[in-house]
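The numbers here are math on the coordinates, done by the rules we state, and not lab data. In this text, all values refer to a predicted model and were calculated from it rather than measured experimentally. Cβ coordinates were reconstructed from backbone atoms using ideal geometry, including for glycine residues, and neighbour counts include every protein chain displayed.
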Amino acid sequence: MSEAAHDLTSAGYIKHHLQNLQVCSTDDGIVWNHCKDNFWSLNVDTLAVSVILGGLFIWLFRMVAKNATSGVPGKLQCFIEMVIEFVDENVRDTFHGKNDLIAPLGLTIFVWVFLMNLMDLIPVDYLPEMGKAVGIDYLKVVPTTDMNVTFAMSLSVFVLIIFYSIKIKGVKGFAKELALNPFNHWSMIPFNLLLEGVALIAKPISLSLRLFGNMYAGELLFILIALLGYYQLPLHFPWAVFHILVITLQAFIFMMLTIVYLSLAHEDH
């Protein structure tokens, strides 16, 4: 915990680090950080960090692709090729339809979510203190600890599920899938619709909450460890090493569930 943070109580310190930099429109005009209960508020730090990391992902992969050699690759090219081959192999093993979008989508999800999760390994006071030095009172730098981000990504996947379900099976086929499963009888249609409707809606909810819950808990633990001040180092390092596994696993799970859901959407029985 930094010297500036010593002015806060433990509860205030935790609340400060979990508060987003917000902007919203009120009757008094555009205001910052006074957006409680305002539905139209924007988490500026979440948006900025997400866009920056997305741009970093695009720039890095484009640079490697432009400078790729057919001979012995450099370390960076080798690493990027390993990531691409890893994603491609999982897509081939899991996705059973024909769609050129799935592999690039899986790669984008895996790398982008991993980069957003990776921000959790930066000591919790570093970037907020830098922001405070230039007049930014709040700065939450892990986008996946913001439920708006995880729900936005899961809803995007949900839209793709509905789109490809209708495109591959047709409106009639998609409706029959909802109405006649798991019990193939007209009298069970209301019960089937209830079961299938809940299962369909649960996909984006579980997809978003799983990522958000794990990353939020990890960030909270880092904040609690930081409260120890200089005595945090023996705890911070082992938790950071373990958290590398968590952030990678969460990116992988989000990617794999997306591929599985879209594979099911392409199955036409």
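Rounded to the nearest 0.05, what FRET efficiency is calculated for LEU249 and GLU81 with R0 set to 22 Å and r the Cβ-Cβ distance?
On the way: r = 22 Å, r/R0 = 0.99.
Efficiency, from the Cβ-Cβ distance: 0.50.
What nm distance separates the two modelled labels at PHE191 and LEU227, each placed 7 Å from Cα along Cα→Cβ?
Taking the two extended label points, one gets 5.0 nm.
Which lysines does LYS203 reach when only Cα atoms under 25 Å apart count, and residues fewer than 8 places away in its own chain are ignored?
LYS203 reaches LYS98, LYS167, LYS169, LYS172, LYS176.
Please list, or write none, the lysines whose alpha carbon is within less than 23 Å of the alpha carbon of LYS15, excluding same-chain residues fewer than 8 places away.
Of all the lysines, those that pass the test against LYS15 - Cα under 23 Å, at least 8 places apart if same chain - are LYS36, LYS132, LYS140.
Quick check: convex hull over the Cα atoms of the stretch 115-269, volume per residue in Å³, rounded to an integer? Write down the numbers at each step before the final one.
On the way: hull volume 20.5 nm³, N = 155.
Given the Cα convex hull of the stretch 115-269, per-residue volume reads 132 Å³.
Using a 7 Å offset from the Cα along the Cα-to-Cβ direction at both VAL51 and THR108, what is the distance between the two label points in nm, to one decimal?
1.7
Within the chain, which cysteines find no other Cys whose Cβ is under 4.7 angstrom from their own?
For the chain, the answer is CYS78, because their Cβ atoms have no other cysteine Cβ under 4.7 Å.
Please work out the FRET efficiency for the pair SER10 and VAL159, using the Cβ-Cβ distance as r and a Förster radius of 45 Å; give the result to the nearest 0.05.
The pair SER10/VAL159 has a calculated efficiency of 0.60.
Could you tell me the largest-minus-smallest coordinate of the C-alpha atoms of the stretch 4-266 on each of the three principal axes, in descending order and whole angstroms?
67, 59, 39
Quote to one decimal, in nm, the extra length available between ASN181 and LEU220 on full extension: 0.36 nm per residue of separation minus the C-alpha distance between them.
The span from ASN181 to LEU220 would gain 9.9 nm if fully extended.
Which order do PHE174, PHE222 fall in if you start with the one that has the fewest other Cβ atoms within 10 Å?
On the way: PHE174 18, PHE222 22.
So the residues, fewest neighbours to most, are PHE174, PHE222.
Could you compute the net charge surrounding LEU18? Neighbours are other residues with a C-beta less than 11 Å from the C-beta of LEU18; K and R count +1, D and E count -1. Mind showing how you got there, number by number?
Working: positive: LYS15, LYS140; negative: ASP146, GLU219.
That works out to 0.
Within the chain, what is the longest stretch that has no trypsin sites (Lys or Arg not before Pro) placed in a DSSP loop and near at most 13 other beta-carbon atoms within 10 Å?
99-269
Between the stretch 11-30 and the stretch 188-208, what's the alpha-carbon centroid distance in Å?
35
Would you mind calculating the relative contact order of the chain from Cα pairs under 8 angstrom and at least 6 residues apart, reporting the percent as a whole number? Walk me through the numbers before you get to the answer.
On the way: 268 pairs, mean separation 71.8, N = 269.
In percent, rounded to a whole number, it is 27.
Quick one: if the Förster radius is 51 Å, what FRET efficiency do SER206 and SER70 give, using the C-beta to C-beta distance and rounding to 0.05? Could the numbers behind the result be given before it?
On the way: r = 43 Å, r/R0 = 0.85.
Given R0 = 51 Å and the Cβ-Cβ separation, E is 0.75.
Between ASP28 and ILE166, what is the label-point separation in nm under the 7 Å Cα-to-beta-carbon projection?
For ILE166 paired with ASP28, the spin-label model returns 4.5 nm.
Using a ≥ b ≥ c from the Cα gyration tensor of the stretch 1-113 (square roots of the eigenvalues), is it rounded, prolate or oblate, where a/c under 1.5 gives rounded and otherwise the larger of a/b and b/c decides, a/b for prolate?
Here the stretch 1-113 falls in the prolate category.
Between beta-carbons, use under 14 Å as the cut-off and find the net charge around THR258, counting Lys and Arg +1, Asp and Glu -1.
Around THR258, the charge tally is +2.
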